[in-house]
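Written below as structure tokens is the structure these notes are about.
Taken together, the values in this text are just the output of simple stated rules run on the coordinates, not laboratory data. Since we're looking at a predicted model, the values are computed, not measured. A quick note on method: Cβ atoms are made from the backbone with ideal geometry, for glycine too, and the neighbour counts reach across all protein chains shown.
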Amino acid sequence: MRRRTTSWLLVVMAVLATGGVASAQTVFFEDWEAPAFGVGDSVNNNGWSGGGGAAPITIGTTGLGGSQSPTHADCTGTCGSQPKIDLGQTFNSGPLFIQSFVDLTTGGALANITLGYHDAADNLEALVIMGVGGLGTGPHRLLTTGEGGDGPSTDVSAMGGFPSGFMEVLMVTDFSAGTVDVSWRDVDDNSGAPTGAWVGPLDFSAVLGASPDARFLRVGFNQNASGSPPSTQDNIRVFVPEPASLALVGLGGLMLLGRRRRA
């Protein structure tokens, strides 16, 4: 897996520079809060389905600032949940952003999460797996898979590893260019405000199929050891940049092109 250096890094920077999700059009948002969810409710509720797993994942108070998010009081053995939800429209052009606040440390030494999407035919299109153990030879691993096959497994320990507590994860797909990248940064466990710099973006475009699209959001909460609950994800948002952000991308691309020509 390599770091993304193409112009779509400018998409990320433009959206963040113009106010993040405040300057974007939200397609979907899930905070696992009432009235849609109560403590003890199953994750497979409010439109989510297909989670399964060796043990049911329920809603608890493990989210940002002690808010509600998926958890399980006594996860024994290998257990987890991989629910999906219909986004209500199919995305097959331009950029699509998936943002999630992830805490791997709630799930113990072998916790991992999954984040990605299925296409309109409900086939897996792209999925990133982030874990703090049990995902290969390194203690902090990032794996990818999708319609195009398995992507590389990356040991992120050399990049500082995944933060302890919550981190913000950003998955960016440009369907027009056939690219998909992932970045993350440390955040405050209560407010979700950034406390660290972005790591990445890392490119795993090879997992995409020939004509990629997204219709179903898929998330996962997993634990592969006894005695502790699974990892969690909170405040999951799917959004697309507003035209003003894309205009900044175009301007930034022209500026970079001008610098290269002058060089």
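With a simple spin-label model that places each label point 7 Å from the Cα along the Cα-to-Cβ direction, the separation between residue 190 and residue 122 comes to 4.4 nm.
Computed from backbone phi with θ = phi - 60° and the Karplus coefficients 6.51, -1.76 and 1.60, the 3J(HN,Hα) list for the stretch 59-68 is 8, x, 9, 10, x, 4, x, x, 6, 7 Hz; x is used for glycine and proline. One chain, two ends: residue 206 and residue 45. Fully extended at 0.36 nm per residue, the span grows by 54.7 nm beyond their Cα-Cα distance.
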